[in-house]
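The values are calculated or read from the model by the stated rules, or taken from the named source; none is laboratory data. Keep in mind the model is a prediction, meaning the values are calculated, not measured. Here the Cβ positions follow ideal geometry from the backbone for every residue, glycine too, while neighbour counts run over all protein chains shown.
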Amino acid sequence: MADVLSVGVNLEAFAQAISAIQALRSSVSRVFDCLKDGMRNKETLEGREKAFIAHFQDNLHSVNRDLNELERLSNLVGKPSENHPLHNSGLLSLDPVQDKTPLYSQLLQAYKWSNKLQYHAGLASGLLNQQSLKRSANQMGVSAKRRPKAQPTTLVLPPQYVDDVISRIDRMFPEMSIHLSRPNGTSAMLLVTLGKVLKVIVVMRSLFIDRTIVKGYNENVYAEDGKLDIWSKSNYQVFQKVTDHATTALLHYQLPQMPDVVVRSFMTWLRSYIKLFQAPCQRCGKFLQDGLPPTWRDFRTLEAFHDTCRQ
Amino acid sequence: MRPFLLEGGSVSQMPVAEGKSVQQTVELLTRKLEMLGAEKQGTFCVDCETYHTAASTLGSQGQAGKLMYVMHNSEYPLSCFALFENGPCLVADTNFDVLMVKLKGFFQSAKASKIETRGTRYQYCDFLVKVGTVTMGPSARGISVEVEYGPCVVASDCWSLLLEFLQSFLGSHTPGAPTVFGNRHDAVYSPADTMVQYMELFNKIRKQQQVPVAGIR
Ligand SMILES: [Zn+2]
């Protein structure tokens, strides 16, 4: 702290300035003392007036002199506050009652903490950008900054647009059939049938996937009222596991600016389950681990792994 | 549904100690299953009765009599299965038994032909394993092992997976793929497919009936 103060601060001048202030204060109080006391007893009225004015003048002169001296010294003292990295808040370090008001140390800690936070947030943002889809990685970084208010508009896409996107995806994958319905108003629900392996119920909000449930090919996907049953889980452990992984995939494939790419990526990933019972684990080479086939599919390579065999 | 039956012969090749009975082999198998982590889930029973075409109808058609098998499976308590060897499998409800009595003139029950397998169901993850003792009359003739992998509906899709599972409790004494796996490539498995396999297993065991059980190893 001594280092900080010595920069640009003339301590000698500082001490002199303080005594100059004291001098100024006492000369000012003398002026008021003089005014308070008024005219002293003198033989003649004229003599009284003369003595008072002379005394008053003297006092004003000394105020003037002390003020000038203080101004001169204040230029010598310099401007410590502007050289301090924390600007005026750095002056808190001069507070002598540190124990009662540890404001300065708290301030420094908060400053360091916020610096670190910014640094780590920067690192995390860099890493997360690497994880996103290649074709859209740049888009994400740029558009997130420049068009921060674009997201709400994608929530109100016209149903026709959603229909088009889904039917295009449906045509992309012959072994996968997608049936779109809107049992509850504008939000679409998809029933995806993948070969003779599994069925997936996908609950959409506009073009965003809200929820997904994976069931067996021979399991019932409808509730008693004839609508898609979006709540009950599969009776088979293997499909419960795949449901968990599909939910993870929803969190992975995130691209708020291009929801159609997200849906397409998710469906591409989902399609790799066509070999759910036929693909051995790419790590241990086995079909079964704890009675389950490799239920995990790598987000990029789409390779099959057991839940415990993936990195 | 993905049942798979181990014929008695295959199981008998398990390296059990000299003189081990069918019952002891069943115990060995179930102990292995329990060690694997499989849990008991009740019992099961599959039975089969053989019917001959009655002599009176034979003459008019001038053909050799066909055998018909009428089977029940506790897994489908409301159904009755009628099968011909290499022929169609009829799935009816249990009233079919009454009908067979009325059809005495055309189909006659073969004497002492009833064969059945009874045992315990085991659940391991999504696998359902049924180890049963096959009996004809009073005597134990062999062991049936049925493995069903519920999540998969196409038999050929999960054969490798099933084989790995079978090896985990049968060791190296696992059989080749049953014919039903190769027949129809992507057909959805049905209960009738299970019954056909049980019928084939029972027929095999009937032909071995002269062989004393203790000799099957
Ligand atoms: Zn593995």
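For the stretch B:104-126, a tally of residues being surrounded by 13 or more Cβ atoms within 10 Å (Cβ to Cβ) and free of Cβ contacts under 8 Å to residues at least 24 places away in the same chain returns 1. Looking at the stretch B:70-103, which of its residues are touching a residue at least 24 places away in the same chain (Cβ under 8 Å), among the hydroxyl-bearing types (Ser, Thr, Tyr) and either exposed (fewer than 13 other Cβ atoms within 10 Å of the Cβ) or in contact with a helix residue (DSSP H, G or I) (Cβ under 6 Å, 6 or more places away or on another chain) (or both)? Across the stretch B:70-103, the qualifying residue is only B:76. For the stretch B:153-161, the count of residues that are within 12 Å of chain A (Cβ to nearest Cβ), in a strand (DSSP E or B), in contact with a Lys or Arg (Cβ under 9 Å, 6 or more places away or on another chain) and under 17 Å from residue B:35 (Cα atoms) is zero.
With respect to being crowded, with 17+ Cβ neighbours inside 10 Å, more than 14 Å from chain B (Cβ to nearest Cβ) and modelled with pLDDT of 95 or more, residue A:310 falls outside the description. Checking every residue in the stretch A:213-223 against the condition of being away from the ligand (no atom under 16 Å from the Cβ), surrounded by fewer than 20 Cβ atoms within 10 Å (Cβ to Cβ) and of a type in the set (Gly, Ala, Ser) gives at least one match. Does residue A:257 meet the test of being farther than 20 Å from residue A:212 by Cα and more than 13 Å from the ligand (Cβ to nearest atom)? Considered against the rule, which asks whether it is farther than 20 Å from residue A:212 by Cα and more than 13 Å from the ligand (Cβ to nearest atom), residue A:257 comes out as yes. Just one of (1) modelled with pLDDT under 85; (2) under 17 Å from residue B:71 (Cα atoms) fails for residue B:133. It is (1). When the stretch A:281-298 is filtered for residues that are in a loop (DSSP other than H, G, I, E, B) and more than 8 Å from the ligand (Cβ to nearest atom), the ones remaining, listed by number, are A:287, A:288, A:290, A:291, A:293, A:295, A:298. Filtering A:308, A:301 for residues that are part of a loop (DSSP other than H, G, I, E, B), more than 11 Å from the ligand (Cβ to nearest atom), under 28 Å from residue A:130 (Cβ atoms) and free of Cβ contacts under 8 Å to residues at least 60 places away in the same chain leaves a single hit, A:301.
Residues are listed down the side, and each one gets a yes or a no for (1) over 18 Å from the mean Cα position of the chain (by Cα); (2) buried (at least 20 other Cβ atoms within 10 Å of the Cβ); (3) charged (D, E, K, R):
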position: B:135; (1), (2), (3): no, no, no
position: B:139; (1), (2), (3): no, no, no
position: B:142; (1), (2), (3): no, yes, no
position: B:149; (1), (2), (3): no, yes, no
position: B:152; (1), (2), (3): yes, yes, no
position: B:164; (1), (2), (3): yes, no, yes
position: B:171; (1), (2), (3): yes, no, no
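Yes/no matrix, rows are residues, columns are (1) over 28 Å from the mean Cα position of the chain (by Cα); (2) of a type in the set (Gly, Ala, Ser); (3) outside any loop (DSSP other than H, G, I, E, B); (4) away from chain B (no Cβ under 14 Å):
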| site | (1), (2), (3), (4) |
| --- | --- |
| A:202 | yes, no, yes, yes |
| A:214 | yes, no, yes, no |
| A:233 | yes, no, no, no |
| A:248 | no, no, yes, yes |
| A:256 | no, no, no, yes |
| A:261 | no, no, yes, yes |
| A:264 | yes, no, yes, yes |
| A:272 | yes, yes, yes, yes |
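For residue A:248, indicate whether it is of a type in the set (S, T, N, Q) and away from the ligand (no atom under 15 Å from the Cβ). Taking the combined requirement at face value, the residue satisfies it.
Applying a threshold of 8 Å to beta carbon distances and a minimum spacing of six or more residues, or different chains, the list of pairs starting in the stretch A:45-57 at a residue that is under 19 Å from residue A:29 (Cα atoms) and touching a residue at least 12 places away in the same chain (Cβ under 8 Å) and ending at one that is surrounded by 13 or more Cβ atoms within 10 Å (Cβ to Cβ) and not acidic (Asp, Glu) reads A:51/A:39; A:51/A:42; A:52/A:34; A:52/A:39; A:55/A:34; A:56/A:31; A:56/A:34.
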